[in-house]
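Here's the structure, in structure tokens; my notes come after.
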Amino acid sequence: MRDLSRRDLLRATAAVGAGAVVLPGVVAGDTPALAEDGPGWATDAPSPPAELTGRIVRPDDPGYARASLGWDELFVRYPLVIVFAQETQDVVNALTWARQNDVALRVRSGRHSLEGWSNVDNGLVIDVSELKSTRISAATRTATVGAGLTQSEAVAALGRHDLAVTTGGEGTVGLSGATLGGGFGFLTRYLGMACDNLIGAEIVVASGADGARAIEVDLDNHPDLLWALRGAGNGNFGIVTSLTYRVAPLTSVAYLQATWEGLENLHEVFDTWQRYAPFADNRLGAQLEIHKSQILLFGVVAEGSEAAARELLEPVLSIGSPEVTVQTGGWGETYAGFQIPNEDEPANWKFFSQFTTDPFPKRAIELVRTFMEDAPSEDSNFFTQAFGTGAQAREPRGGAAFPHRNALFYSEPGVGWGTRGEPGSGDALTPVAQAWIAEFSQALRPYVDGAYVNVPNIGMAEWETAYWGSNFARLRRIKARYDPHNVFQYEQSIPPASC
Ligand SMILES: Cc1cc2nc3c(=O)[nH]c(=O)nc-3n(C[C@H](O)[C@H](O)[C@H](O)COP(=O)(O)OP(=O)(O)OC[C@H]3O[C@@H](n4cnc5c(N)ncnc54)[C@H](O)[C@@H]3O)c2cc1C
């Protein structure tokens, strides 16, 4: 630990002008070579003093509030400094600086952390969202992209080449954050989890006593770290600066939406969906979204026609009299078409994640209905995503830390409230919303098995095994190898195994 007062620290950050590039000796090539194995993989010699580089935002900058605010406005933090990296070296410098000055740090990409864990009071936020490079090869079916792409940007860039990789459905979510925790969406049953298609990464890790360096990770180099980044990489091992994916050809999709007014058909729709959608043709990705007084079904059929979409979802569509629409087109334009602008979303959100391996019995579906009818806001919903016998049931070559291979479906109660840009507008509803989500998720506990690290469950007793099952012990060993000093830590980060 260095002896640095808070005043020194403020002076140090103030000395760094926006965009200044100062790098006294902390370059990847200067740091000691890494041994492939074991903690202490670099010497403990101190690095030369580092300075922050990149686009730097501090509390007295006019853009500070905007630069700091995350997607979920329930969490407001006041970081000491935010570094928007322009290149990998800025990340190396920032990590070294944080270590040398004993400043807490967080990693951020798309700002959608659902507990606000990509930001920290009084600390350094290393933001990679301006790393926007794309290198796409249709010939090798690979894509290497900067860690700052949003999911929308990634889908659009790949779509221009009639290629695709799995992403979640919300375009503004960071591709990094989604992939490193797993990443599922309409293409999961067709292509596997986003993390299953991750075949390489550049990552800046802590190195030596107080330094940092960038390393390349793939199936041949640091394969244990690649395994860990496939589902447990969020802010645990280092800062990912680029991601390489295996991508798949995808020329068109059929996108179906069905709406049932009222919840009268809920039991039949839910039960049919859970017994059918997880076992359907793998080209089908299907979600249910249950609101206070509406049931929505969404389906995407990869390389499918309107007729195929209607036929694949017929067992569910034949219940009651839903209003059904189907569009066909390229995946890029279809994905762009179903986005909801951020401004139209409530300011505050709270979710609870859960995986399910056995179908919900009647009692559980009844609970969903009861809680949804009593939901605290119109924006509340109970969301489900079919898994089952899709491609995600098989691990990729080299394996993955993401464990939920036998899930039938994923689900989450979610509650949204308050108005964006109007701080405090939802305060009166906050305790009601928090209580609703806590009681709802508690009531469903007998019917669920496991949780999703990308939608973290705060206060969950055994979150380690809920997120990663028996993979947790291996993750701790890998943590000890790549981050023995536990530089990357937050409320539910992976602690290093004690040797
Ligand atoms: C509206 C909404 C819809 C969602 N829908 C889906 C869905 O359909 N499917 C799905 O799988 N998930 C979904 N999610 C969850 C989403 O995957 C996570 O919230 C994700 O972690 C957000 O990533 P981010 O980069 O936007 O967030 P950030 O807040 O920037 O980061 C999230 C976490 O990842 C870490 N992190 C970010 N970038 C890096 C990096 N480059 N290197 C190392 N660590 C990093 C952060 O430290 C933090 O712990 C949804 C979330 C929201 C808010």
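The values are calculated or read from the model by the stated rules, or taken from the named source; none is laboratory data. As the structure is a prediction and not an experimental result, all values here were calculated from the model. FYI the Cβ positions are ideal-geometry reconstructions off the backbone, even for glycines, and counts take in every protein chain you see. Only protein heavy atoms, including side chains, enter the accessible area calculation; ligands, DNA and RNA are left aside. Shrake-Rupley method; radii C 1.70, N 1.55, O 1.52, S 1.80 Å.
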**Study point:** Mean-position separation - Cα centroids, segment 277-324 and segment 153-187, in angstrom
**Key:** 21 Å
**Study point:** Ratio of the Cα radius of gyration of segment 96-186 to 2.2 N^0.38 Å, where N counts its residues
**Key:** 1.23
Practice item. Straight distance only, please: which lysines reach the Cα of LYS479 with their own Cα at less than 17 Å, same-chain residues fewer than 8 apart left out? Key: none
Check your understanding: If the cut-off is 21 Å between C-alpha atoms, which lysines fall inside it for LYS350, apart from same-chain ones fewer than 8 positions away?
Key -> LYS292
Check your understanding: According to a simple spin-label model (label point 7 Å from Cα along Cα-to-Cβ), what is the distance in nm between ASN486 and MET460?
Key -> 2.1 nm
**Study point:** Residue-wise HN-Hα coupling along segment 370-377, computed from phi with Karplus coefficients 6.51, -1.76, 1.60 (Hz; x: Gly, Pro)
**Key:** 4, 5, 5, 4, 9, 4, x, 8
Check your understanding: Measuring from centroid to centroid over Cα atoms, what is the spacing of segment 374-438 and segment 76-133 in Å?
Key -> 25 Å
Revision key, fill the gap. Counting only protein heavy atoms and leaving out ligands, DNA and RNA, the solvent-accessible surface of HIS222 at a 1.4 Å probe, in Å² to the nearest 10, equals 10 Å²
Revision key, fill the gap. Counting only protein heavy atoms with a 1.4 Å probe and every protein chain in place, the carbon and sulfur fraction of the accessible surface of the chain in whole percent equals 50 percent
Point to revise | With DNA, RNA and ligands ignored, accessible area of ARG310 (1.4 Å probe; Å², nearest 10) | key: 90 Å²
Point to revise | segment 276-379: mean projected area of Cα convex hull, nm² | key: 8.3 nm²
Check your understanding: So what's the chain giving for Cα Rg divided by 2.2 N^0.38 Å, two decimals?
Key -> 0.97
Practice item. Quick one: order PHE279, PHE440 from most to least accessible surface, probe 1.4 Å. Key: PHE279, PHE440
Exercise for review: Quote the relative contact order of segment 409-478 in percent (integer), defining contacts as alpha-carbon pairs under 8 Å separated by 6+ residues.
Suggested key: 19 percent
Practice item. Determine the relative contact order of the chain: mean sequence separation of Cα pairs under 8 Å and six or more apart, normalised by residue count, in whole percent. Key: 15 percent
Check your understanding: Magnitude of the Cβ-charge dipole of the chain, K/R +1 and D/E -1, about the Cα centre, nearest 20 debye?
Key -> 1020 debye
Study note, to complete from the structure: segment 220-272, convex hull of Cα, quarter of hull surface, nm² -> 8.1 nm²
Review point. Ranked by accessible surface with a 1.4 Å probe, highest first, in what order do LEU317, LEU256 come?
Key: LEU317, LEU256
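Provide ASP61, ASP358 ordered by accessible surface of protein heavy atoms (probe 1.4 Å), highest first.
ASP358, ASP61
Among 421-428, 389-396, 89-96, how do they line up by average Cβ neighbours within 10 Å per residue, starting with the highest?
On the way: 421-428: 12.5, 389-396: 19.1, 89-96: 27.5.
My ranking of the peptides, most packed first, is 89-96, 389-396, 421-428.
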Exercise for review: Return the sequence-ordered ³J(HN,Hα) values of segment 379-389 in whole Hz as given by the Karplus equation 6.51 cos²θ - 1.76 cosθ + 1.60 applied to θ = phi - 60°, using x for Gly and Pro.
Suggested key: 7, 6, 7, 10, 10, 9, 9, 6, 10, x, 8
Practice item. Can you spot the lysines whose alpha carbon is less than 19 Å from LYS132's alpha carbon? Ignore those fewer than 8 places along the same chain. Key: none
Study note, to complete from the structure: Expressed in square angstrom to the nearest 10, the accessible area of ILE199 with a 1.4 Å probe stands at 50 Å²
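How big is Rg to Rh over segment 87-130, alpha-carbon atoms, Rh as the Kirkwood inverse-mean-distance radius?
Looking at segment 87-130, the ratio lands at 0.98.
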Review point. Given THR140, SER293, GLY332, which one lies farthest toward the positive end of the charge dipole of the chain, if we put +1 on the Cβ of every Lys and Arg and -1 on the Cβ of every Asp and Glu?
Key: THR140
